[in-house]
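K.L.:
Before anything else, here's the structure in question.
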Amino acid sequence: MIKSKNHSKEWVMVGLGLLTMSSLTVFAEPSSQKTEILSFEQAISVAQKNDPWLKGNRHQQSAIESLSIAADTLPDPKVSVGLVNMPTDSFNFNQEGMTQFKVGISQVIPRGDTLELTSRQLKIKSQGYPFQRENREAQVALTVGQLWLDAYRVQQSVALIEKDRSLFLQLVDITEASYSAALGRTRQTDIVRAQLELTNLDARLDVLAQEKNKFEGQLSQWLSDYLSGLDDPLSTNLALHDINLGKQIPQMDLQQSELVYADKWHKPEQLISYFTQHPAVVALDKRIEATKTGIALAKQKYKPEWGVNAGFGSRGDDPTGNSRADLMSVGVTFDLPFFTQNKQDQDVKSAISQTESIKTEKLLLLRQLLSNYSTAKGRLLRLNDQQRLYREKLLPQMYEQAEASLTAYTNDDGDFAEVVRAHIEVLNAEIRILTLDVAQQKILLELNYLFIGANKATR
């Protein structure tokens, strides 16, 4: 009987030992390798390549550029043709001397430099579209990158829990067999505790499954247009659900890392130069420049609009057969902008206010970028401290605690519940480290978005 008792205890030790060994692996291999792996860089590239917003923006720029060419052209001349002063008693073309067949042409000449300024305003406006696309591509990279990282965190968390779940399942079988044989120190409460932890792991897997569906659904909307194509081998292997993201977390290079990791916090006036060349800011600069041209355009309304016209009237012979002289007329028309208080003055004021309004948008955007930078830097520094704490102190201590509790239990000097609790804490710590690593990469994505164009500003 003593031999059998020791044999049973050895099986419990083997089960718990396997559980301890499983905790040493922080990132687990994906459970399936049937589909093509969608890497972090690949997801962003696919999303940017197939973003319909970018295509629409290019069409908008093309439309504005075409309008700028058309705007610098005089309006089409107008031609008039008609019968003038036809007698109604006889409708005889030759009866009256005033009757004539008249052809006229007129041309409007816009005020001052209206055509040139309108064309210039549209050209400047079109110059902002490439910066809008650059900002959009960066936003897509930020959004898709964060979705990929969220899905990766869930996928790896599931892999870690499933690995521990399989070992807890073995542990339940071992404790039940030991209890049934009435061998060793195995008690019914040990079985209940092992089953309870197994149920808790199942509940956590259910929550993660919901998160997995959410993040994969959000990620797939950026990939669906691309996957409908047949010109790339990835489209035939990558599924919209159960996306395989692989096991490697991206290691991004932080732009302006010296600034971010500097001990001192820079003042806003020292940081503003890093954000003035951000594409979203430059796009607003182009709008401001265009509205400034709009002010000059509004001032052209103080100048008269000219029009020239010419006409030729053909007359018939008189009743005696003598020919009548044909008639020609030439004229100039122009308006008189005398009453400017409620029209031209207000148009100029409106153009000035519009320019100031966009300047306010730029100010608010710069303040937002500065605020986002300050927040992201603070979060990153605290996050790095947490990572060091978990990796250098907490996780090694938890490993030691798990080993110690296992040793005490196998030497009849410990509690089974303490052994299980220690190993669950190790699992939680590993998932926490995974969460911290993902959060760090997400913050790096945010900071890199903020520093687009910063190298141009600091050259």
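The values are calculated or read from the model by the stated rules, or taken from the named source; none is laboratory data. As the structure is a prediction and not an experimental result, all values here were calculated from the model. Heads up, the Cβs are rebuilt from the backbone with ideal geometry, glycines too, and the neighbour counts pull from every protein chain shown. Note: accessible area is taken over every heavy atom of the protein model, side chains too, but ligands, DNA and RNA are not part of it. Shrake-Rupley method; radii C 1.70, N 1.55, O 1.52, S 1.80 Å.
K.L.:
Where the second residue is modelled with pLDDT under 60 and not in a helix (DSSP H, G or I) and the first is closer than 17 Å to Thr410 by Cβ and open to solvent by 30 Å² or more (accessible area, probe 1.4 Å) and lies in the stretch 178-207, which pairs have Cβ atoms under 8 Å and are six or more apart or on separate chains?
P.N.:
Matching pairs, first to second residue: Tyr179/Thr186.
K.L.:
Answer with yes or no whether Leu395 is open to solvent by less than 20 Å² (accessible area, probe 1.4 Å), modelled with pLDDT under 95 and not hydroxyl-bearing (Ser, Thr, Tyr).
P.N.:
Yes; evaluated as a whole, the condition is true for this residue.
K.L.:
Further question: Within the stretch 295-321, work out how many residues are among the basic types (Lys, Arg) and surrounded by fewer than 17 Cβ atoms within 10 Å (Cβ to Cβ). Spell out the reasoning first.
P.N.:
Going through the stretch 295-321, the residues among the basic types (Lys, Arg) turn out to be 299, 301, 303, 315.
Cutting the leftovers down to surrounded by fewer than 17 Cβ atoms within 10 Å (Cβ to Cβ) gives us 303.
The number of residues fulfilling the criteria is 1.
K.L.:
Would you check if there is a residue in the stretch 425-443 being free of Cβ contacts under 8 Å to residues at least 60 places away in the same chain, surrounded by fewer than 20 Cβ atoms within 10 Å (Cβ to Cβ) and within 24 Å of Val281 (Cα to Cα)?
P.N.:
Checked the stretch 425-443: no residue is free of Cβ contacts under 8 Å to residues at least 60 places away in the same chain, surrounded by fewer than 20 Cβ atoms within 10 Å (Cβ to Cβ) and within 24 Å of Val281 (Cα to Cα).
K.L.:
Please enumerate the residues belonging to the stretch 356-401 that are among the aliphatic types (A, V, I, L, M) and in contact with an Asp or Glu (Cβ under 8 Å, 6 or more places away or on another chain). I'd like the intermediate steps shown before the answer.
P.N.:
Looking only at the stretch 356-401, we keep the residues that are among the aliphatic types (A, V, I, L, M), and these are 358, 363-366, 369-370, 376, 380-381, 383, 389, 394-395, 398.
Of everything in the stretch 356-401, those that are among the aliphatic types (A, V, I, L, M) and in contact with an Asp or Glu (Cβ under 8 Å, 6 or more places away or on another chain) turn out to be Ala376, Leu395, Met398.
K.L.:
Restricting attention to the stretch 263-322, report how many residues are over 23 Å from Gln368 (Cα atoms) and in a loop (DSSP other than H, G, I, E, B).
P.N.:
Residues flagged as over 23 Å from Gln368 (Cα atoms) and in a loop (DSSP other than H, G, I, E, B) within the stretch 263-322 amount to 11.
Residue-by-condition table, conditions (1) more than 30 Å from Thr320 (Cα to Cα); (2) open to solvent by 50 Å² or more (accessible area, probe 1.4 Å); (3) assigned to a loop (DSSP other than H, G, I, E, B); (4) in contact with a helix residue (DSSP H, G or I) (Cβ under 7 Å, 6 or more places away or on another chain):
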{"residue": "Ser80", "(1), (2), (3), (4)": "yes, yes, no, no"}
{"residue": "Asn94", "(1), (2), (3), (4)": "no, yes, yes, no"}
{"residue": "Arg120", "(1), (2), (3), (4)": "yes, yes, no, yes"}
{"residue": "Ser126", "(1), (2), (3), (4)": "yes, no, no, yes"}
{"residue": "Gly145", "(1), (2), (3), (4)": "yes, no, no, yes"}
{"residue": "Leu149", "(1), (2), (3), (4)": "yes, no, no, yes"}
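K.L.:
Sticking with this structure for a sec: Are there any pairs with C-beta distances below 8 angstrom linking a residue in the stretch 365-376 that is among the polar types (S, T, N, Q) to a residue that is open to solvent by 70 Å² or more (accessible area, probe 1.4 Å), with the two at least 6 apart or on different chains, and if so which?
P.N.:
Hits for this filter: Ser374/Trp265.
K.L.:
Are any residues in the stretch 260-294 under 23 Å from Leu122 (Cβ atoms) and open to solvent by less than 30 Å² (accessible area, probe 1.4 Å), and if so, which ones?
P.N.:
Pro279, Ala280, Val281, Val282, Ala283, Leu284, Ile288, Ala290, Thr291, Thr293, Gly294 - these are the residues of the stretch 260-294 that are under 23 Å from Leu122 (Cβ atoms) and open to solvent by less than 30 Å² (accessible area, probe 1.4 Å).
K.L.:
Being open to solvent by 20 Å² or more (accessible area, probe 1.4 Å) and modelled with pLDDT of 70 or more is the filter; apply it to the stretch 216-245 and report the residue that is nearest to Gln42 (Cα to Cα).
P.N.:
Trp222
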